[in-house]
Amino acid sequence: MSGPLLEVEGLKVEFDTWDGRVRVLDGVSLSVSPGETLGIVGESGCGKSMTALAVMGLVPKPAGHVTGGAIRYRGEDLVKASDGRMRDLRGNRIAMIFQEPMTSLNPVFTVGDQIAETARLHLGLSPAEARKRAVEMLRAVHIPEAERRVAEYPHQFSGGMRQRVMIAMALACEPEVLIADEPTTALDVTVQAQIFDLLEELRAAEGTAIVLITHDMGATAEMADRVVVMYAGRKVEEGPVDAILGNPAHPYTQGLLACRPNLQLGHAAARPQLHEIPGVVPPLHLLGRGCAFADRCPRAMPRCGEAFPPAYDVGESHAAACWLLEEARAA
Ligand code: SF4
């Protein structure tokens with residue numbers, strides 16, 4: 001297939017809260033093609049996970065509403081799809097892995113039963129075939145002694161192994177799109193690297209499109225082909241990973257990159273300074289009409305509080321929403 005497999009265009013999601021209707025996603029657009037990894041980065045509360053839930057048709061109801069935009073999978077608008085159609089697509093064509101596998105795995109069933117159930121439901125396999133598929137999938141995610149471990153329960157696996165089981169379950173039906181929401185947050189650094197290697201291996205082998213949601217710029221650098229940076233429910237920058245990491249145009253992206261620890265060993269006296277972006281993401285019900293980052297931005301100008309900036313092209317397939325870019329053009 002040429003062109004994007006999954007396209008989100010102008011997506012708006014709102015929630016009913018005690019403070020009234022709050023817009024949590026405001027005009028988010030992104031796309032991912034077969035065999036590509038798209039990183040979505042930003043702090044907690046910026047809308048990354050909500051974007052993923054909307055794609056999966058899992059915006060919590062009755063409080064949440066998709067109020068605008070489109071989510072197209074192979075051209076079909078999922079915003080208009082029935083619940084039955086979404087159930088069919090979920091897990092089958094579009095799968096998701098979550099950050100804490102223990103909350104997603106059922107503790108009273110063996111991992112084999114859980115993977116087999118997914119394969120049986122979505123692929124229509126017989127119980128024996130589904131069992132065989134479970135063993136194959138455990139092997140595919142490099143779980144040693146898969147034939148024996150298929151009969152074990154989630155608590156008998158380490159955190160890293162449980163995340164591998166989640167990946168095995170997500171991939172059991174050979175989805176075309178895999179959304180990984182902070183898949184390594186709860187894991188040791190060495191296990192994180194193994195999980196990323198595994199995702200990369202599966203992407204290369206199966207041509208799966210991966211949407212990697214993370215706050216970790218290191219993980220993004222390692223995995224992503226393209227990156228979308230989100231802040232307070234909006235996309236603020238998008239571009240190829242090299243451009244985003246090497247030439248970030250938005251002050252928020254620049255701040256995120258400056259927060260990365262820069263380890264230089266052998267110079268104990270000159271310990272690198274840790275940077276931080278002052279303040280926190282503002283409550284969404286308090287957002288005004290200007291740039292949501294203005295309160296934290298070291299380069300904010302009076303006009304930043306007046307209107308949200310449009311996206312300006314800053315390079316090939318690289319754009320950012322910041323008034324500084326218009327000023328730079330004018331200069
Ligand atoms: Fe900072 Fe203004 Fe750009 Fe927003 S629009 S990021 S406040 S300079």
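Assign one of three labels to the range 30-171, namely rounded, prolate or oblate, based on the Cα gyration tensor with a ≥ b ≥ c the square roots of its eigenvalues; rounded applies when a/c is under 1.5, prolate when it is not and a/b is larger than b/c, and oblate otherwise. Prolate, since a/c reaches 1.5 and a/b exceeds b/c.
Tell me the mean residue ellipticity at 222 nm calculated for the chain from its helices only (DSSP H runs of n ≥ 4, each -39500 (n - 2.57), averaged over every residue, nearest 500). Using -39500 (n - 2.57) per qualifying helix, the result is -9500 deg cm²/dmol. Considering the range 99-257 at the alpha-carbon level, its Rg and Dmax are found to be 17.4, 55 Å.
Our coupling estimate for the range 46-57, obtained by passing each phi through the Karplus curve with A = 6.51, B = -1.76, C = 1.60 and θ = phi - 60°, is 8, x, 4, 5, 5, 4, 5, 4, 5, 4, 7, x Hz, Gly and Pro reported as x. Residues with beta-carbon under 9 Å from that of residue 318, excluding residue 318: net charge, scoring Lys, Arg +1 and Asp, Glu -1? Net charge around residue 318: -4.
Taking a ≥ b ≥ c as the square roots of the eigenvalues of the Cα gyration tensor of the chain, is the shape rounded (a/c under 1.5), prolate (a/b larger than b/c) or oblate? Judged from the Cα gyration tensor, the chain comes out prolate (a/c at least 1.5, a/b above b/c).
The calculated FRET efficiency for residue 19 paired with residue 65, based on their beta-carbon distance and R0 = 22 Å, is about 0.90. Distance from the Cα centroid of the range 42-79 to that of the range 223-251 is 20 Å (rounded to whole angstrom).
Summed over the residues of the range 203-256 and divided among them, the accessible surface reaches 30 Å² per residue at a probe radius of 1.4 Å. Using only Cα atoms, tell me the angle between helix 189-206 and the longest principal axis of the chain; keep it within 0 to 90° and round to the nearest 10. Tilt relative to the chain: about 80 degrees. Between 0 and 90 degrees, the angle of helix 127-140 with respect to the longest Cα principal axis of the chain falls at about 50 degrees. Placing a label point 7 Å from the Cα of residue 145 along the Cα-to-Cβ direction, the residues of the range 160-202 whose backbone N falls under 16 Å from that point are 161-162.
Put a dot 7 Å past the Cα of residue 85, heading toward its Cβ, do the same for residue 201, and the two dots end up 3.7 nm apart. In this label model, residue 193 and residue 121 are separated by 3.6 nm, measuring between points 7 Å along each Cα→Cβ vector. Solvent-accessible surface (1.4 Å probe) assigned to residue 161 amounts to roughly 40 Å². Once you list every other residue whose beta carbon is under 15 Å from the beta carbon of residue 154, what net charge do they have if Lys and Arg are +1 and Asp and Glu are -1? With Lys, Arg at +1 and Asp, Glu at -1, the net is -1. Report the net charge of residues surrounding residue 194, where surrounding means a beta-carbon distance below 10 angstrom and charges are Lys +1, Arg +1, Asp -1, Glu -1. Within the 10 Å Cβ shell, the charges total -1. Each residue of the range 237-249 was assigned a 3J(HN,Hα) from its phi angle through the Karplus curve 6.51 cos²θ - 1.76 cosθ + 1.60 (θ = phi - 60°); the sequence is 7, 8, x, x, 4, 5, 5, 5, 7, x, 9, x, 9 Hz, with glycine and proline shown as x. Compute the long axis of helix 111-123 from its Cα atoms, compare it with the longest principal axis of the Cα atoms of the chain, and write down the angle in degrees, 0 to 90, nearest 10. So the inclination is approximately 80 degrees.
The values are calculated or read from the model by the stated rules, or taken from the named source; none is laboratory data. Every value quoted in this text rests on a predicted model; they were computed, and no experiment measured them. Here the Cβ is made from the backbone with ideal geometry for all residues, glycine too, and neighbour counts use every protein chain on show. Ligands, DNA and RNA are stripped out before the accessible areas are found, and what is left, the full protein with its side chains, is counted by its heavy atoms. Shrake-Rupley method; radii C 1.70, N 1.55, O 1.52, S 1.80 Å.
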